[in-house]
Amino acid sequence: MYVAAMKAIDKWMIRESRDSLLYVSDMKNQILDQKMGHLACFSGGMFALGSQNLPNSSAARHLYIGKGLTNTCHESYIRSETGIGPEYFKFSDGLEALTLESSEKYYALRPEVVESYFVLWRMTKDKKYRDWGWDVVQALEAHCRVDNGYSGINNVYDINSKKDNVHQSFFLAETLKYLYLLFSDDQLISLDQWVFNTEAHPLPIKGSNPFYFHKKRKEKLR
């Protein structure tokens, strides 16, 4: 099921921009929107992680996509004045990983970009992913930190942007967790033993993690 889904995404939704940026486009009514959402930036880590369990002929392509998508999401960050990426960024009308739409310029403390940094760091040990993560930490401190926590901002292209005064729960559960793990040893929640669900809760992998056990065994322990 996973392989079939990724094959379809690769065929119909993965595109390369004029600046050679790889992106996964939104699709509506079978028509590509030529824009990518911040929420889709987890897909870089997903493709990279999935490559570990594929034959060599497919693994190289999936890892290439994973690295490319993660790089593109990084570009959406560094092309803004705050060093933080927008909710959506486009690849049309001369735009490359940017948006001109006011309704797409905000940042809501989302985790997907640093999630992919974390996964790619664990898989490749390329120091740039930690460097990129540290840049995010500094940007968050500079533009999102408030007296009692952190707030989203309305416009990532304005260093004096107003804040939305919302401290999202997923900022603690996901964004900060992935940043912490990015700079931690591999043994802390090893990706060989744990898998993260969509809310970044680590779940033990059957056959690899001693914390995994079947319901019947659990009942015997009672």
Q: Working only within region 12-31, note down all residues that are hydrophobic (A, V, I, L, M, F, W, C), at pLDDT below 95 and either touching a Phe, Trp or Tyr at 6+ places or on another chain (Cβ under 8 Å) or under 16 Å from LYS67 (Cα atoms) (or both).
A: MET27
Q: Note down all Cβ pairs under 7 Å where the first residue falls in region 54-74 and is within 26 Å of LEU98 (Cα to Cα), the second is polar (S, T, N, Q) and modelled with pLDDT of 95 or more, and they're at least six residues apart or on different chains.
A: HIS62/SER51; LEU63/SER51; GLY66/SER51; LEU69/SER43; THR70/SER116; CYS73/SER116
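Scan region 1-20 residue by residue and report those that are in a strand (DSSP E or B) and either among the small types (Gly, Ala, Ser) or touching a residue at least 60 places away in the same chain (Cβ under 8 Å) (or both).
First pass over region 1-20, keeping only residues in a strand (DSSP E or B): 14-16.
Once the filter is applied, which keeps residues that are in a strand (DSSP E or B) and either among the small types (Gly, Ala, Ser) or touching a residue at least 60 places away in the same chain (Cβ under 8 Å) (or both), region 1-20 yields only ARG15.
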Q) Across region 126-162, what is the total count of residues that are in contact with a Gly (Cβ under 8 Å, 6 or more places away or on another chain) and either farther than 27 Å from GLY44 by Cα or in a loop (DSSP other than H, G, I, E, B) (or both)? A) 2
**Q.** region 178-222 - residue that is aromatic (Phe, Trp, Tyr) and farther than 29 Å from TRP132 by Cβ and, of those, modelled with the lowest pLDDT
**A.** PHE213
Q: Considering each residue of region 168-188, count those that are under 17 Å from TYR117 (Cα atoms) and crowded, with 18+ Cβ neighbours inside 10 Å, and give that number.
A: 9
Q) Given (1) in a loop (DSSP other than H, G, I, E, B); (2) under 20 Å from PHE42 (Cβ atoms), where does ASN165 come up short, assuming only one miss? A) (2)
(Q) Quick test for you: out of ASN165, ASN148, ASN160, ASN154, pick the one residue that is touching a Phe, Trp or Tyr at 6+ places or on another chain (Cβ under 6 Å), surrounded by fewer than 21 Cβ atoms within 10 Å (Cβ to Cβ) and free of Cβ contacts under 8 Å to residues at least 60 places away in the same chain. (A) ASN154
Q: Count, please, the residues in region 91-103 that happen to be surrounded by fewer than 21 Cβ atoms within 10 Å (Cβ to Cβ), over 15 Å from VAL156 (Cα atoms) and touching a residue at least 12 places away in the same chain (Cβ under 8 Å).
A: 2
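Please pick out the residue among TYR64, TYR23 that is within 28 Å of LEU191 (Cα to Cα) and not in a helix (DSSP H, G or I). Give the steps one after another, and end with the answer.
On the way: TYR64 fails: not in a helix (DSSP H, G or I).
Of the residues listed, the single one that is within 28 Å of LEU191 (Cα to Cα) and not in a helix (DSSP H, G or I) is TYR23.
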Q: Please find, among TYR88, TYR106, TYR77, the residue that is in contact (Cβ under 8 Å) with a residue 12 or more places away in the chain, buried (at least 17 other Cβ atoms within 10 Å of the Cβ) and out of contact with any helix residue (DSSP H, G or I) (no Cβ under 8 Å at 6 or more places or on another chain).
A: TYR106
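The values are calculated or read from the model by the stated rules, or taken from the named source; none is laboratory data. This structure is a prediction, so every number in the text was calculated from the model and none was measured. All Cβ positions, even for glycine, are placed from backbone atoms using ideal geometry, and neighbour counts span all protein chains on display.
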